[in-house]
Amino acid sequence: MKKTAFLLSFFISICLLTSCKETEARKPVAKSTGNPAMSSAERNKEQNKAEEQLLKEFMAKDSLKQYISSNQGFYYIYEHQNVRDSIRPQKGNLVEYEYEISDLEGNILYSKANIGIKSYLVDQEDLLIGLRQGLKLMKKNEQVTFIFPSHLAYGYSGDQDKIGINQPLVYNVHLINIQKEQ
């Protein structure tokens, strides 16, 4: 009996040792076509270049006005400028403003009446990047038209309503009031 048990365990051990062989690495089914981040960056560069061309064409149609190029990547023009005052919004100030949004063809997407008067704590609340930067260029009672590329407005998602994906926008903004930080 001991001999049979020994032979059985010996046989099982031999079977296990001989049946185990090294595992082979599987070859990939598909080859990588490149770095997805790089292709995304290239698409963004192309999108930005195309939008920049659209913005330049828009400004060329309005040749009576001289648009200013901002350091943040948008363009603007003063429709009504406050020359008496020098105070601009700073971090912590509460600003009240109203605006309307149009597309580059002049179609009003959201009117001042639809949006109403808004308030914003400068650099302390969420706001679209372009509008946040644009408000800081304004003084009380000024009216400015901003032309924002999509990446400074609603970007690749739009607003799921009237603003499409990657859509450059025209904002006509009136800064009503600036209250200094309490």
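The values are calculated or read from the model by the stated rules, or taken from the named source; none is laboratory data. It should be emphasised that the depicted structure is a prediction, and the values quoted were computed from it without experimental measurement. Ideal geometry is used to build each Cβ from the backbone, glycine not excepted, and the neighbour counts take in all protein chains shown.
Among the listed residues LYS91, LYS61, identify the single one that is basic (Lys, Arg), exposed (fewer than 15 other Cβ atoms within 10 Å of the Cβ) and farther than 22 Å from ASN141 by Cβ.
It is LYS61.
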Checklist entry - List the pairs whose first member sits in region 152-168 and is within 16 Å of LEU131 (Cβ to Cβ) and free of Cβ contacts under 8 Å to residues at least 40 places away in the same chain, whose second member is not aromatic (Phe, Trp, Tyr) and not in a loop (DSSP other than H, G, I, E, B), and whose Cβ atoms are under 7 Å apart, counting only residues at least 6 apart or on separate chains? => result ALA153/GLY130; ALA153/LEU169
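Mind checking which residues of region 147-170 are among the aromatic types (Phe, Trp, Tyr) and touching a Pro at 6+ places or on another chain (Cβ under 9 Å)?
Taking region 147-170 as the starting set, the residues that turn out to be among the aromatic types (Phe, Trp, Tyr) are 148, 154, 156.
Answer for region 147-170, where residues must be among the aromatic types (Phe, Trp, Tyr) and touching a Pro at 6+ places or on another chain (Cβ under 9 Å): just PHE148.
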Item to check | Qualifying positions in region 48-78 - more than 22 Å from the chain's Cα centre (by Cα) and not acidic (Asp, Glu) | outcome: MET59, ALA60, LYS61, SER63, LEU64, LYS65, GLN66, TYR67, ILE77, TYR78
Checklist entry - Is there a residue in region 95-113 that is assigned to a loop (DSSP other than H, G, I, E, B), crowded, with 16+ Cβ neighbours inside 10 Å and of a type outside the set (A, V, I, L, M)? => result yes
Checklist entry - Which of the residues that make up region 64-81 are outside any loop (DSSP other than H, G, I, E, B), in contact (Cβ under 8 Å) with a residue 60 or more places away in the chain and not hydrophobic (A, V, I, L, M, F, W, C)? => result TYR75, TYR76, TYR78, GLU79, HIS80
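When region 165-181 is examined, which residues are found to be under 12 Å from SER102 (Cα atoms) and in a loop (DSSP other than H, G, I, E, B)? Write out each step before concluding.
Initially, region 165-181 is screened for residues under 12 Å from SER102 (Cα atoms), giving 167-173.
Residues satisfying the conditions are GLN167, PRO168.
Taking LEU131 as the residue in question, decide whether it is aliphatic (A, V, I, L, M), modelled with pLDDT of 95 or more and in a strand (DSSP E or B). Quick ask: steps written out before the conclusion?
Values: aliphatic (A, V, I, L, M): yes; modelled with pLDDT of 95 or more: yes; in a strand (DSSP E or B): no.
For LEU131, the condition - aliphatic (A, V, I, L, M), modelled with pLDDT of 95 or more and in a strand (DSSP E or B) - is not met.
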Next on the checklist: Of the conditions (1) of a type in the set (A, V, I, L, M, F, W, C); (2) over 30 Å from GLU125 (Cα atoms); (3) modelled with pLDDT of 65 or more, VAL95 satisfies every one except a single condition; which number is it?
Outcome noted: (2)
Item to check | Unmet criterion (only one of (1) over 23 Å from LYS162 (Cβ atoms); (2) assigned to a loop (DSSP other than H, G, I, E, B); (3) in contact (Cβ under 8 Å) with a residue 12 or more places away in the chain) for ARG84 | outcome: (3)
